[in-house]
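The values are calculated or read from the model by the stated rules, or taken from the named source; none is laboratory data. As the structure is a computational prediction, the values presented were derived from the model and not from experiment. Every residue, glycine as well, gets a Cβ built from its backbone with ideal geometry; the counts of neighbours run over all protein chains shown.
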Amino acid sequence: MNHTAISILYILYLICHYTTTANTLEVGPGHIYATLDAALQDVLPGDTILIHGGTYAGGLYEENIQGTANAWITIMAATGELVIFNGGNNAWQFLDAAYLDIRGLVFENQTGNGLNFDDGGTYDTPAHHIKFTSCSFQNINATGNNDLLKLSGLDSFEIVQCTFLNGAEGGSGIDMVGCHDGKVRLCQFLNLGANSIQMKGGTRNITVERNFFKFGGQRALNIGGSTDLQFFRPIDATYEAADIKVYSNVFIGSLAPVAFVGCINSAVINNTIYLPTKWVLRILQETVDTTRFAPCGNNDFINNIIYINNLVNTECNIGPNTDPGSFLFSNNMWYKENDPSWTGPVLPVEDMNSLNGEDPLFKDAENDDFSLFFGSLAIAAGLDLSQPVEDHIGNSFNQPRSIGAYEGNPVTGIIEINQISAAVHVFPNPAAEKLNVLFPGKVNGDIIISIFKTNGQLARHLEMSIHDGDQISFDAGRLNAGIYYLVLDTKDERFSTTLFCY
C-alpha cells in the first residue's frame, strides 16, 4: 500500500473516531451528571455538555478544559430551557481553556467577576478559541472593579448575540487584558458602570461591530486604559491597545461613548452616537512612559453621526501626553438639538467633509430606531471605505455609503417609492403654488411631509398635526420646476406619489 493510500485511511480513521466517540453529557436533576463540574471531569474533545433547566451554583474553577481544532467542546443549555449559574465569587474561572463553544447560559449575582477566562498567568500558553453565543451576563453583586466577563490572555475568540446588563459601578461588561484577534458582535450593553467594553494591556486586533449600547457606563468603549506592566501580553507591548475596529454600533447616553486611551492605529467608523452626557469622545494617555509607549494617536473617527444636546459643551476632551494632531476626522455628521446657532464641534484637527448642524432625520429616536428617513443628508455622504461591509441591522453599505450606523440606501429608496401604488391624491399635479393632499381615509395625529429630488436629495421637510381631517394644503411655490417624490409618514403608514412642478 502506498503512502497516499495510508494517509487517506488515517484521515478516515480520525473522522470516524471523532464521529463515533463524541458524546452528549447531560447535566441536571435526574441525569447522569448533577453538576457541570462533574461533567467536565469526563468531557473529551468533540463532546457536548447539555445542561438542563435550573439554577446552578457558581464558583467553578477549572484548568485545561480543551477541545481541538477539529473537535470543539460545546457547553450549552438544553433547547427551550433556562439555565442560570447563580452566585459565587466567579460563576466560572477557566484557566488555559481552548476550543470551547458556550451557548445560551445565564450568569448572575457573582461577587467577583461573572466569568473569568485567562491564561493562568503566563502568556506562553494563552487561552484560545473560545466562543460565547446568546449568553446573558447580568446583575453582578458587586460595586467595585468587577467585570461581568473578564478575559486575560485570550486569543481568537468571539462574543456573539450576548447581553450585558446591570454591571458593577466600577467595572466593565467585558474587560480584556492582553487579548488578541477577537470579535464582539450583535451584543447588547445596558446599564453598566465604568465601561461596556475595555481593551487594554496589549490588546490587539479586536472588532466591535453592530452592537447596541444604552447607558453603557462612563466610557462605553475604553479603547486602551491603564495596566500594571507585569500584566501586559505580550510583556513588551508598546501600546495599551492597537488595531481596534469599531463598526456600525449605536451608542445612547454615557459620559463619553468612545475613549481613545493609549491606543494606536484604531478606527471608529459608521457609528451613531446619541445624546452623550458630557463628551462625545476622549483622547487620553494613562500609561505614560515615553521610552516605551507611543502617545495615543494615529486613530480614525470617520462616517459617524453625532447627535448631542446642551449637556455636551466639550465635544472632544484631550488629555496630556497624547498626539491628537495625528487623528483623522472625516465625513462625520454633527447635530446639536435645539441650537440652530451652533457651528459645529471643536476638534484637534479639521473634520474633513463634515456636515454640521444638519438634522440626520432619525425615524424614531425615542424608541431607539436610528435608521434614516429617505432624504436625510447623511445618505450617500460618507467617505467610501471597504469596511464595515454591513450596517447595524445587516444591510450592505452602498457606494458611496451613508454616514452613521444605518445605510439609508437612497437608490433602493427611490425604487421603492416608485413601486408603491399611489395611496394619496395630490392636486393640482402639476403644481405651481398651492398643493393639496387628500388621504385615502381619515388620518389623525402627527405627520411628516418630505419632498425629494430624483437624486434623493431632500427639497422640503414639514411636520404637522391633523385631527379628523383628510385633506391638507401647503405652499409648493418654493420648488423649482421638475419631478419630485412626495412622501407622507404617519405613525403607522407611509404614503407616496410622484409630484410635478412647473
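The table below lists the values:
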item: Some residue of segment 347-365 being closer than 30 Å to Leu229 by Cα, in contact (Cβ under 8 Å) with a residue 24 or more places away in the chain and within 23 Å of the chain's Cα centre (by Cα); result: no
item: Members of segment 159-200 that are charged (D, E, K, R) and either in contact with a Cys (Cβ under 6 Å, 6 or more places away or on another chain) or part of a loop (DSSP other than H, G, I, E, B) (or both); result: Glu169
item: Any hit, segment 289-298, residues being under 16 Å from Glu240 (Cα atoms), hydroxyl-bearing (Ser, Thr, Tyr) and assigned to a loop (DSSP other than H, G, I, E, B); result: yes
item: Of all residues making up segment 224-246, the number that are closer than 17 Å to Phe329 by Cα and either surrounded by 24 or more Cβ atoms within 10 Å (Cβ to Cβ) or in contact with a Leu (Cβ under 9 Å, 6 or more places away or on another chain) (or both); result: 2
item: So Ile75, is it over 29 Å from the mean Cα position of the chain (by Cα), modelled with pLDDT of 95 or more and either over 30 Å from Asp147 (Cβ atoms) or hydrophobic (A, V, I, L, M, F, W, C) (or both); result: no
item: Selection within segment 158-196 - under 15 Å from Thr227 (Cα atoms), in contact with a Leu (Cβ under 6 Å, 6 or more places away or on another chain) and aliphatic (A, V, I, L, M); result: Met176
item: Criterion: of a type in the set (Gly, Ala, Ser), in the same structural domain as Ser248 (by TED's automatic domain parsing) and surrounded by 23 or more Cβ atoms within 10 Å (Cβ to Cβ) - qualifying residue of Ser136, Ser196; result: Ser196
item: Looking only at segment 101-133, and only at residues there that are of a type in the set (D, E, K, R) and part of a loop (DSSP other than H, G, I, E, B), the one that is surrounded by the fewest Cβ atoms within 10 Å (Cβ to Cβ); result: Asp124
item: Check on Gly375, within 19 Å of Arg210 (Cβ to Cβ), assigned to a loop (DSSP other than H, G, I, E, B) and either at pLDDT 95 or above or in contact with a strand residue (DSSP E or B) (Cβ under 7 Å, 6 or more places away or on another chain) (or both); result: no
item: Test: residue in segment 86-97 that is small (Gly, Ala, Ser), modelled with pLDDT of 95 or more and in contact with a Leu (Cβ under 6 Å, 6 or more places away or on another chain); result: yes
item: Every residue from segment 134-158 that is closer than 13 Å to Leu105 by Cβ and in a strand (DSSP E or B); result: Ser136, Phe137, Gln138, Leu149
item: Any hit, segment 239-253, residues being more than 22 Å from the chain's Cα centre (by Cα) and either outside the structural domain of Ser196 (by TED's automatic domain parsing) or at pLDDT below 95 (or both); result: no
item: Verdict on Lys150 being within 18 Å of Thr68 (Cβ to Cβ) and either assigned by TED's automatic domain parsing to the domain that holds Cys187 or surrounded by fewer than 23 Cβ atoms within 10 Å (Cβ to Cβ) (or both); result: no
item: Some residue of segment 48-55 being of a type outside the set (D, E, K, R), out of contact with any Gly (no Cβ under 9 Å at 6 or more places or on another chain), modelled with pLDDT of 95 or more and under 25 Å from Leu154 (Cβ atoms); result: yes
item: Residue that is surrounded by fewer than 23 Cβ atoms within 10 Å (Cβ to Cβ), more than 20 Å from the chain's Cα centre (by Cα) and in contact (Cβ under 8 Å) with a residue 24 or more places away in the chain, where the choices are Leu377, Leu385; result: Leu377
item: Residues (among the aromatic types (Phe, Trp, Tyr) and under 15 Å from Val246 (Cα atoms)) located in segment 199-230; result: Phe212, Phe213
item: Pick from segment 264-305, criterion more than 20 Å from Ala405 (Cβ to Cβ) and of a type in the set (A, V, I, L, M, F, W, C), ranking: surrounded by the fewest Cβ atoms within 10 Å (Cβ to Cβ); result: Val288
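Here is a yes/no grid of residues against (1) assigned to a strand (DSSP E or B); (2) farther than 21 Å from His392 by Cβ:
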{"residue": "Ile283", "(1), (2)": "yes, yes"}
{"residue": "Glu286", "(1), (2)": "no, yes"}
{"residue": "Ile306", "(1), (2)": "yes, no"}
{"residue": "Asn310", "(1), (2)": "no, yes"}
{"residue": "Asn321", "(1), (2)": "no, yes"}
{"residue": "Tyr335", "(1), (2)": "yes, no"}
{"residue": "Ser341", "(1), (2)": "no, yes"}
